[in-house]
Amino acid sequence: MSRTLYEKLWDSHVVHVEEDGTALLYIDRHLVHEVTSPQAFEGLKLANRKPWRVSSIVATADHNTPTSHWELGIVDPISRQQVETLDANIREVGALAYFPFKDKRQGIVHVVGPENGATLPGMTVVCGDSHTSTHGAFACLAHGIGTSEVEHVLATQCLLQKKSKTMLVRVEGKVGAGVTAKDIVLALIGRIGTAGGNGYAIEFGGSAIRALSMEGRMTVCNMAIEAGARVGFVAADETTIAYLKGRSFAPKGGDWDKAVAYWRTLVSDADAKFDKVIEMDARQIVPQVTWGTSPEMVTGIDGTVPAPEDFSDPVKSEGVARALQYMGLTPRMRIDQIPIDKVFIGSCTNSRIEDLRAAAVVAKGRRIAANVKLALVVPGSGLIKAQAESEGLDKIFIAAGFEWRQPGCSMCLAMNDDRLGPGERCASTSNRNFEGRQGAGGRTHLVSPAMAAAAAIAGRFADVRELL
Amino acid sequence: MEKFIKLDGVVAPLDRANVDTDAIIPKQFLKSIKRSGFGPNAFDEWRYMDHGEPGQDCAKRMKNPNFVLNQERYQGASILLARSNFGCGSSREHAPWALHDFGFRAIVGESFADIFFNNCFKNGLLPIVLPKAEMDALFGLTEHTPGFRLSIDLPAQRVVRPDGHAIPFEVDAFRKECLINGWDDIGLTLRHADKIREFETRRRAEQPWLFA
């Protein structure tokens, strides 16, 4: 019987099934960060329970950590308490690896796991963070979970799950120069909507996905959750295997060969049936820019801001009117005429070395526009920061007027000091443009790293294809 | 976990799609290491005129008179009406914690984001999906009927309007049983500890690299 990759991953982790199909799935990797774990560790302790398998845990502090003035430590006392609580919990419980604040391998949890080889094909990966879907790039079944489930996984090494429906998003053809993984996934969300993937596990396939690096695949899977699917993944192939070879926690010696043989089976069978198939033509995708307060409110750089009356559904039409008011935009404005105040290059979506290189190509030999108050580059991890510095990318950014920061989640969600002021408009490589996401009253436009750099140089959204 | 069997309560409407978890509980409140106390900051940016920060006395803050949940007629509501994709965005369980702490015990909507939906069940908060036509009618009745109430009967799986109109809803049998009994998931799972150990031993033999 032919199976999709989702079904293979699912079947290989089922410990027990209830009568209504609710399954107990075994969890191989548990990623932990400071924001969603304290109540789980506390719950475990209050119930006098022990963690089931601490060697499944990889932990780091990322959401609250500052990206500048590390010599001052974490100044905000409640942020500091949260990070210190993680320190204390991991010290007490243990972990396969912990990358605390200031460690040279510290960084965003979804960057740190893969780059250390702690995310491996065929695994189930969970974390108290919705962007755990990122790890699906490695042919993993990777879920974001709530804190009660973090506690459940700590205590039982399992998760209670209902099987999702399956969706194949097949992207065929070659994207044009200046069009990236971010543009592919934003174009998809624009098409199916932020609820389009509700109840589905999305497999990304087709020649345009196969052609992506692991960094690009992580960007696409990262935003599966923005399409409503908490699981997004890509089949394993030579790109996956080449990326993992030699990484710290990747298998070695005989285990490596055995693992690779297994990983090659992690593909959907040729005649496997999906509940839904979406076809996209990569050649039609242009660099994307969001204009509203939901990632589905997106268009090409060659587009214009829509009007509420373009939408017949009254709930949608009112939503657009509210979004335009919040964003300070008027219908029919050209996207490339919207001026910006700040730029953020970073986040679990776009802070990897390839992202920084793509932005640096645009920034090289240019200066940010006079109206841009702040342009931040926040590498995803200490290792990426070091790699970028060895390539001289930091110098390119600094010469162009960008600030080169320490790793962390930073202005993606503004839990630390990096944030927008009320009314400030930002070209951001992050994943959510919700009201207030990057700071109360802040206005977020989601773009690729190359498009963010182009906006920084132009002082407004600009077509990066004209700058390459 | 708190049991959920039947509920009869005042209904409050939140008539917009894609209400995200950043709106339900803004990020500055996620710095707490506790599970409780998020209610006063539920919908903080929509609910108050000023910018909220942890540690404020919310009773002294100026409320936004235009935000629907601030209207006198909806005070004490325990049932929230929602549109599509309610709870989208982050996995923060602080969102259902804040809604529960605010006083809601059920959310009746067109659709919910997957992670939020799942998180509700862990906290005695029942999310119910109803067809759009039923939701349109409920939004209309709530707006036009002061003190509008609904009855929710989980064992019978139905929402009953004051006029007697009963609307059936779906719920997974396992989740339903957990809510009705107030069962703790972890306790239930640990009944299968032997099976988990057995699975783990087999996996360790087959894929030793996963257990490095």
Give, as ranges by residue number, the residues of segment A:149-190 whose backbone N falls under 20 Å from the point 7 Å along Cα→Cβ of residue B:201.
-> A:156-158
Per the C-alpha gyration tensor (a ≥ b ≥ c, the square roots of its eigenvalues), segment B:1-88 is rounded if a/c is under 1.5, else prolate if a/b beats b/c, else oblate; here it's rounded
Measure nothing fancy, just the Cα-based angle from helix B:193-206's long axis to the longest principal axis of chain B, in degrees from 0 to 90, nearest 10.
-> 60
How far apart, in nm, are the 7 Å Cα→Cβ label points at residue B:211 and residue A:50?
-> 1.6
Filter the chymotrypsin sites (Phe, Trp or Tyr not before Pro) in segment B:135-212 down to the DSSP loop ones having no more than 16 other Cβ atoms within 10 Å, then list what survives.
-> B:183
So if we plug the beta-carbon distance of residue B:51 and residue A:103 into 1/(1 + (r/R0)^6) with R0 = 45 Å, what FRET efficiency do we get, rounded to 0.05?
-> 0.85
Identify all aspartates and glutamates with a Cα-Cα distance to residue A:342 below 12 Å; exclude those on the same chain that are fewer than 8 residues away in sequence.
-> A:403, A:418, A:424
Per DSSP, the loop-located trypsin sites (Lys or Arg not before Pro) within segment A:19-115 having at most 12 other beta carbons within 10 Å are A:104
Radius 13 Å from Cβ of residue A:160, net charge of other residues (Lys, Arg +1; Asp, Glu -1) = -3
Computed ³J(HN,Hα) along segment A:315-325: with the Karplus parameters 6.51/-1.76/1.60, θ = phi - 60°, integer Hz and x for glycine or proline, the list is 5, 5, 4, 5, x, 5, 4, 5, 5, 5, 5
What net charge is computed for the residues neighbouring residue A:420, neighbours being all others with C-beta under 11 Å from the C-beta of residue A:420, Lys and Arg scored +1, Asp and Glu -1?
-> +3
Segment B:102-123 residues near the modelled residue A:18 label - backbone nitrogen below 14 Å, point 7 Å along Cα→Cβ | B:118-123
For residue A:275 and residue A:72, what does the FRET efficiency come to when R0 = 60 Å and r is the distance between their Cβ atoms, rounded to the nearest 0.05?
-> 0.70
Highest mean first, what order results for A:109-116, B:191-198, A:244-251 on Cβ atoms within 10 Å?
-> A:109-116, A:244-251, B:191-198
Computed [θ] at 222 nm, helices only, for the protein assembly as shown once each DSSP H run of length n ≥ 4 contributes -39500 (n - 2.57) | -9000 deg cm²/dmol
Quick one: accessible area per residue over chain A, 1.4 Å probe, rounded to a whole number of Å²?
-> 32
Is segment B:120-168 rounded, prolate or oblate when judged by the Cα gyration tensor, a ≥ b ≥ c being the square roots of its eigenvalues, rounded requiring a/c under 1.5 and prolate requiring a/b larger than b/c?
-> prolate
Rounded to a whole number, the mean other protein chain Cβ count within 10 angstrom for residues of A:191-201 is 4
Pair residue B:58, residue A:364: separation of 7 Å Cα→Cβ label points (nm) = 5.2
Shielding by partners - mean other protein chain Cβ count within 10 Å, residues of A:313-321 = 3
Which loop trypsin sites (Lys or Arg not before Pro) in segment A:328-427, with loop taken from DSSP, have no more than 16 other Cβ atoms within 10 angstrom of their Cβ?
-> A:332, A:364, A:367, A:373
Kindly identify the protein assembly as shown as rounded, prolate or oblate by the Cα gyration tensor criterion: order the square roots of the eigenvalues as a ≥ b ≥ c, call it rounded if a/c is under 1.5, otherwise compare a/b with b/c, prolate if a/b is larger, else oblate.
-> rounded
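The values are calculated or read from the model by the stated rules, or taken from the named source; none is laboratory data. Every value quoted in this text rests on a predicted model; they were computed, and no experiment measured them. Please note: Cβ atoms are built from the backbone with ideal geometry, for glycine as well, and neighbour counts cover all protein chains shown. Keep in mind that these areas ignore ligands, DNA and RNA; they rest on the heavy atoms of the full protein, side chains included. Shrake-Rupley method; radii C 1.70, N 1.55, O 1.52, S 1.80 Å.
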